[in-house]
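The values are calculated or read from the model by the stated rules, or taken from the named source; none is laboratory data. It should be emphasised that the depicted structure is a prediction, and the values quoted were computed from it without experimental measurement. A quick note on method: Cβ atoms are made from the backbone with ideal geometry, for glycine too, and the neighbour counts reach across all protein chains shown. Just the protein is used for accessible areas: all its heavy atoms, side chains included, with ligands, DNA and RNA removed. Shrake-Rupley method; radii C 1.70, N 1.55, O 1.52, S 1.80 Å.
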Amino acid sequence: NNYDNWQPRVGFAYTPETNTVVRGAFGIFFDVWSGMRQTVQGIGGDWPSVTQPSAQNQDPVTAIPTVDMANPLSGTTSLPAATPFTQSTYYRDPKAQNPMSYQYNFGIQQQLNSHTILAIDYVGSKNTRLPIGGGLYNVAAYAAPGTAADVISRRPYPNITPTRYDRSIGWGNYNGLETRLQQTEFHGLQYIISYTWSKTMDTSCDGLFGVEGCSMPNPYDIRHDYSVAGYDLPNNLSVSTTYNLPIGRGRLININNSILRRVVGGWQVNGIYAMTSGQPFSITVTGDFANTGNTNQDRGDRIGDPYLANRTRQKWFNTAAYTTPTLYTYGNSGRNELRGQVYHNLDASVFKRVEIDDKRRLEFRLEAFNALNHLVLGTPGTNVSTPASFGIVSSSRSSARQVQVAVKFVY
């Protein structure tokens, strides 16, 4: 049980001048339901699950019992193996706690004129007791570098196969500077321009129970895997605009003729542009170079500069900068130390409104998603052990352009 799930909140707003507002807040939050299905499965578990011992309890001819309560397993008996715990599934630390988050923000909002607002905010959070799962536990303790020590004897529980074991030992944080320039409709134009400069860091696993990726060579010391998160996007720009062409009755270009107004008036142009940093990724290897039984969790050895002046789909980074680790050692490359391509996307649309009368109108829409059909490359091959795909991009982070047409009747 958790007896510390108190969630205080405090906040303030101060107006030093008519057109200026200063705001700040702090709160403590606890996550109760996130990942509940996985957690319940881990609590239930199926460890151990072995064939039930059986014994012949009577003579097949005389039907006289051949065993008694003093020795029920005598006679012809099938017993489980001496080390029956060979399953690798999902379990949960019985002392695991729910995640805890300290969240805070401070910002200033300035009204530049009657229709434009500028806001600048610092937003941060410190998170503890995060779930660490997805990787193996009960692997062997790391021996001295270069030592081929027995794996099984170095496990905390030698008779139990390494398995997944969810624990609440992770931590992470987020710090971001958020800016926003917003204009309400003025001469037909309205827009929101938002830019966030941030950094997100965490330990070992991204997302719930490592669903978005888990890189944990040594589950007994996750401090060495504290790095930028797999979802860290330092730069995030979003521009949203709507422009109603100033043509029509009472507009900048005034048209009183009803037929002409229906033809040349009622046009609206919209656009949403998004840009983010490339997604981080780690360099991995296949196997157990560290000789701990933690299969396929090792990272490659970095022996040179991985950055290229001209990156291509066929060679996104310098693959010669990485190699497989020396046997009985951990790879020295960092978690999420490389990034994919910067993401760009433009969605655009054109609306045409035709007024039928004061209460009814038709609206024609032409919408294009990824209007420029811009290709954003996905994550390249990251496994040193598969040179045929290592460093080569075979997927896209973007979707192909999609165009749709719609007619809307409003009454």
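General remarks:
- With contacts taken as Cα pairs under 8 Å at a separation of at least 6 residues, segment 350-403 carries a relative contact order of 34 percent.
- Semi-axis lengths, Å, segment 70-208, gyration tensor of Cα atoms, sqrt of 5 times eigenvalues: 58, 18, 13
- The ellipsoid equivalent to the alpha-carbon distribution of segment 195-349 has semi-axes of 53, 17, 11 angstrom, derived from the gyration tensor eigenvalues as √(5λ) and listed largest first.
- Distance between the 7 Å Cα→Cβ label points at VAL264 and ARG313: 4.6 nm.
- Only protein heavy atoms count here; under a 1.4 Å probe, ARG401 has an accessible surface of about 120 Å².
- More than 12 Å apart - percent of Cα-Cα pairs taken over segment 302-348: 71 percent
- Its relative contact order, with pairs defined as Cα atoms under 8 Å and 6+ residues apart, puts the chain at 11 percent.
- Between the listed residues PHE351, THR286, GLY340, the Cα displaced farthest toward the positive end of the dipole of the chain, a dipole computed from Cβ unit charges relative to the Cα centre, is found at PHE351.
- Calculated FRET efficiency for the pair SER238/ARG23, C-beta based, R₀ 22 Å, to 0.05: 0.55
- Along the axis of the charge dipole computed for the chain (Cβ charges of +1 for Lys and Arg, -1 for Asp and Glu, origin at the Cα centre), the listed residues GLN402, GLY188, TYR102 are led at the positive end by GLY188.
- Split the accessible area of the chain by element, probe 1.4 Å, and carbon with sulfur accounts for 57%.
- The chain - charge dipole about Cα centre, Lys and Arg +1 at Cβ, Asp and Glu -1, debye rounded to 20: 1680 debye
- Computed helical MRE - 222 nm, the chain, DSSP H runs ≥ 4 contributing -39500 (n - 2.57), nearest 500: -1000 deg cm²/dmol
- For the set HIS115, HIS224, solvent exposure ranked by accessible area (probe 1.4 Å, protein chains only) runs largest to smallest as HIS224, HIS115.
- Summed side-chain charge close to PHE369 - residues other than PHE369 whose Cβ falls under 13 Å, Lys, Arg +1, Asp, Glu -1: 0
- Exposure of MET275 as accessible area (Å², to 10), given a probe of 1.4 Å and all protein chains: 40 Å²
- Shown here: Cα Rg over 2.2 N^0.38 Å, derived from the displayed model; of the candidates [x] 1.43; [y] 1.14; [z] 0.94, it corresponds to [x].
- Per residue accessible area in Å² of the chain, where ligands, DNA and RNA are left out and the probe is 1.4 Å: 58 Å²
- Extending 7 Å from Cα along the Cβ direction at GLN103 and again at GLN58 yields two label points whose distance is 6.8 nm.
- What you get for segment 290-411, charging only the Cβ of Lys and Arg (+1) and of Asp and Glu (-1), is a dipole of about 300 debye around the Cα centre.
- Mean separation of Cα contacts under 8 Å (6+ apart) over length of segment 279-411, as relative contact order %: 26 percent
- Toward the positive end of the charge dipole of segment 135-243, with +1 on the Cβ of Lys and Arg and -1 on the Cβ of Asp and Glu, the farthest Cα among THR241, MET216, VAL228 is that of MET216.
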